[in-house]
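Take a look at the structure set out below.
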Amino acid sequence: RSKRRGRGQITVYSREIAQEMKRSTQLEQALRNAIMADAVDVHFQPIVRIRDGSVVGFEALARWIDADLGFVSPAVFVPLAEERGFIDALSETLLRKAAEAALSWPRELFLSFNLSSAQLMDPTTAPTILATLARVGLDPLRLELEITETAVMTSADTAERIIAELRQAGVRISLDDFGTGQSSLGRLRDFTFDKVKIDRAFVSRITTDRASEHIVKAIIAMCDGLDLQVVAEGIEGKADAEKLKALGCSMGQGYFYGRPVDAAATLAYLERNYRDFTVTTREIA
Ligand code: C2E
Ligand code: MG
Ligand code: MG
Ligand code: MG
């Protein structure tokens with residue numbers, strides 16, 4: 001195609017490609033520097049019991065604001081770190097920070113942490129995670145790892161071993177963004193998960209689109225039958241929450257309950273929302 005359009009076009013394309021490569025190399029360098037400078041942060045979003053809105057845990061979400069580039073979404077920099085082979089370094093920093101923050105929360109609350117697909121192909125992942133927990137002093141029973149269907153599909157054998165090793169240590173596994181991946185319901189039978197997170201794509205349309213409502217209803221019924229816990233992601237309004245409650249969905253997460261905020265604001269949230277929790281009593285205890 002480029003041949004037919006003549007040499008000028010080829011030049012334009014290659015210049016665009018060159019610019020794109022330069023941009024991603026700059027981004028990579030900035031991200032590597034930020035990791036070394038400990039400048040990549042982690043925020044926390046509450047996961048609640050829909051019945052009464054009480055918090056049961058928090059999902060850690062990576063945040064990075066670069067001096068020159070501004071806010072960069074984790075949906076951009078996590079895949080970049082995967083592609084360039086330093087997701088392990090990024091993830092280790094993030095888990096350490098998240099686990100340290102979780103130490104100040106009530107012990108009943110879990111920390112949910114996202115694993116990238118590349119980490120499910122790397123046999124050092126489980127020992128690294130467990131070592132980080134041990135170093136920080138967070139009980140593995142308080143950790144949940146979120147993985148996606150696609151990640152499990154790509155490297156099934158290795159993924160299965162990593163999951164088994166982590167579960168052996170008491171870490172729980174949840175299937176993130178459920179319903180959107182290269183979905184195979186068989187995965188739910190072959191692999192041992194503890195929880196399923198229904199993707200926002202279905203949840204956000206639950207009050208306006210009958211198909212989405214039926215899909216969510218079916219996922220909840222299936223999870224009940226399989227003894228899997230279920231979380232609805234992306235709950236933005238009261239109507240969504242009420243609908244999910246009526247459908248018997250036990251847990252939820254979304255802007256309606258709370259946006260992701262930094263570690264200090266998470267403690268402030270707990271002081272407002274968690275019975276008998278004050279930052280000072282925890283520090284004394
Ligand atoms: P995810 O794990 O599915 O995280 C949920 C995303 O939905 C987050 O976006 C969150 O801020 C957003 N969200 C939560 N509630 C609502 C809502 O009510 N409405 C809307 N519109 N959005 C909501 P975020 O923080 O931009 O993260 C995007 C993705 O980046 C995450 O999707 C996850 O796949 C990845 N990610 C984030 N942090 C990490 C990390 O530490 N490690 C890894 N491997 N991936 C991460
Ligand atoms: Mg997640
Ligand atoms: Mg998700
Ligand atoms: Mg997602």
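The values are calculated or read from the model by the stated rules, or taken from the named source; none is laboratory data. None of these values were measured; they are calculated from a predicted model. For neighbour counting, all protein chains shown are included, and Cβ atoms are generated from backbone atoms with ideal geometry for every residue, glycine included. Ligands, DNA and RNA are excluded from the accessible area calculation, which covers all protein heavy atoms including side chains. Shrake-Rupley method; radii C 1.70, N 1.55, O 1.52, S 1.80 Å.
Can you list residue pairs whose Cβ atoms sit under 9 Å apart, with the first residue in the range 94-123 being among the β-branched types (Val, Ile, Thr) and the second being at pLDDT 95 or above and not in a helix (DSSP H, G or I)? Count only pairs 6 or more apart in sequence or on different chains. Listed pairs, sorted by first residue: none to list. Arg63 - would you say it is over 30 Å from Asp157 (Cα atoms) and modelled with pLDDT of 95 or more? Yes. Scanning the range 223-250 for residues being outside any helix (DSSP H, G or I), modelled with pLDDT under 95 and open to solvent by 60 Å² or more (accessible area, probe 1.4 Å) gives a total of 2. For the range 189-222, filtered to residues that are assigned to a helix (DSSP H, G or I) and open to solvent by less than 10 Å² (accessible area, probe 1.4 Å), the residue that is nearest to ligand 2 (Cβ to nearest atom) is Val203. Considering the range 159-183, the residues that are open to solvent by 40 Å² or more (accessible area, probe 1.4 Å) and among the polar types (S, T, N, Q) include one that is nearest to ligand 2 (Cβ to nearest atom), namely Thr180. Taken together, the criteria exclude Ser250 from residues that are under 25 Å from Ala118 (Cα atoms), in contact with a Lys or Arg (Cβ under 7 Å, 6 or more places away or on another chain), among the small types (Gly, Ala, Ser) and in contact (Cβ under 8 Å) with a residue 12 or more places away in the chain. Candidates Ser104, Ser73, Ser54: the one that is polar (S, T, N, Q), more than 16 Å from ligand 3 (Cβ to nearest atom), closer than 30 Å to Ala239 by Cβ and open to solvent by 10 Å² or more (accessible area, probe 1.4 Å) is Ser54.
Under the condition of being open to solvent by 50 Å² or more (accessible area, probe 1.4 Å) and of a type in the set (A, V, I, L, M, F, W, C), the residues counted in the range 262-277 number 1. Only residues that are more than 11 Å from ligand 1 (Cβ to nearest atom), at pLDDT 80 or above, among the polar types (S, T, N, Q) and out of contact with any strand residue (DSSP E or B) (no Cβ under 8 Å at 6 or more places or on another chain) were counted across the range 155-204, and they come to 2.
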